[in-house]
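A short reminder: the numbers here are calculations on the coordinates, not readings from a lab. The shown structure was predicted, so the numbers you read here are calculated from the model rather than taken from an experiment. Here the Cβ positions follow ideal geometry from the backbone for every residue, glycine too, while neighbour counts run over all protein chains shown.
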Amino acid sequence: MLVKQPFEWQQPGAPLTLPDGQVHIWKKRLAEPDCDAAQLAQTLSVDERARAARLPNIHAQKSKLAARGWLRSILSLYLQEDACQLLLDYGPWGKPFIYLPGSRICFNLAHTDDMLVAAFTRNRTIGIDLERVRPMSGRDYLTRFIFSDREQEWFASLSPQEQETALINVWTQKEAFLKALGIGLTVPMNSFPVQCDPHLSMQTLVEVISTHKTQAYRTYQFIPQEDYLAAVVIEGKAQLEFAFWETTTLLYQAKPC
């Protein structure tokens, strides 16, 4: 079953609070003039800069630095802490988390090309994924890797144009679920099914309600920008309130670490 609700992207104010029961979704174009990777990099730890330096090209390195810098920027807004002083670490499969007693804040981020999305909540695990809708090479391999047997049958019934969107639709949901669990690809994507809405539209949040009796997570989808698709998976069955934020200015004055 699919439940749809409209939303609008808004500019964040200060101070910004994140009460329990709310989910905040952020988006940012990393290539915008204000998104100064060098300035953002000043707030990163030595480890974060080293991770970015291992990427294969300058563009990927700058995007990684900017994404991590924006993550710290947003966290500093919620926590009222210097972005540079936040202690971030990674789980066994690379999921970031924050060391700050009492904060109870949970988050995840994704970026592709120069588009960043991030999700924040409290007291529940969360995962987010983002992909650009585009023709995919190796489609036969990807469908076997991502889709369950029943999903492959459904996918084969679609037109080539519908398949492009459907592949990204299912992929982002499953990737977001695995990111919420923080277990990487230790669970094969083709081992569990999801539902797909072929008619997503801008500024509409779609909740994908599973009929599985043991389902302990809620799945949502939205279009952050034309030609992009994102999915958010959140622990628990409680009804949640969403806010959608975008900003064109740095949220703090960067200070060197």
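Evaluated with a Cβ-only charge set (Lys, Arg +1; Asp, Glu -1), the chain carries a dipole of roughly 620 debye about its Cα centre, given to the nearest 20.
Starting from the Cα gyration tensor of the chain, take the square roots of the eigenvalues, sort them a ≥ b ≥ c, and report rounded, prolate or oblate (rounded when a/c is under 1.5, otherwise prolate if a/b is larger than b/c, else oblate).
It comes out prolate by the Cα gyration axes.
Only one residue of Phe107, Trp93, Ser148 has its Cα farthest out toward the positive end of the dipole of region 81-161, where Lys and Arg carry +1 and Asp and Glu -1 on Cβ, and that residue is Ser148. Of Gly138, Phe222, Val23, which is farthest towards the positive pole of the chain's charge dipole, taken about the Cα centre with +1 and -1 on the beta-carbons of Lys, Arg and Asp, Glu respectively? My answer, from the dipole projection, is Val23.
Taking each residue as 0.36 nm, the span from Asn190 to Arg104 lengthens on full extension beyond its C-alpha to C-alpha distance by 27.7 nm. When only the Cβ of Lys, Arg, Asp and Glu is charged (+1, +1, -1, -1), the dipole of region 20-167 relative to its Cα centre reaches about 280 debye. Estimated from helical segments only, the mean residue ellipticity of the chain at 222 nm is -9000 deg cm²/dmol, where each DSSP H run of four or more residues counts as -39500 (n - 2.57).
Extension gain for the segment Trp154 to Asp89, taken as residue separation times 0.36 nm less the Cα-Cα distance, is 19.4 nm to one decimal.
Extending 7 Å from the Cα toward the beta-carbon at both Asp47 and Asn123 defines two label points whose distance is 2.8 nm. Please give me the summed charge of the neighbours of Ala52: other residues whose Cβ is under 12 Å from its Cβ, Lys and Arg +1, Asp and Glu -1. Overall, the nearby charge balance is +4. In this rough spin-label picture, where each label sits 7 Å from Cα along the Cβ direction, the Asp114-Leu142 distance is 2.3 nm.
Loop-located chymotrypsin sites (Phe, Trp or Tyr not before Pro) across region 1-97 with a Cβ neighbour count of 16 or fewer within 10 Å are Phe7, Trp9, Trp93, with loop assigned by DSSP.
Exposed loop GluC sites (Glu not before Pro) only (DSSP loop, at most 13 other Cβ atoms within 10 Å): please give the longest stretch of the chain free of them, not including the sites.
For GluC sites (Glu not before Pro) (loop position, at most 13 other Cβ atoms within 10 Å), the longest site-free span of the chain is 9-225.
Once the Cβ-Cβ distance of Lys4 and Gln239 is raised to the sixth power relative to R0 = 22 Å, the FRET efficiency obtained is 0.90. Of all complete DSSP H helices in the chain, those with a Cα span along the helix axis of 20 Å or greater and a mean Kyte-Doolittle hydropathy of -0.5 or more are 58-79, 160-181.
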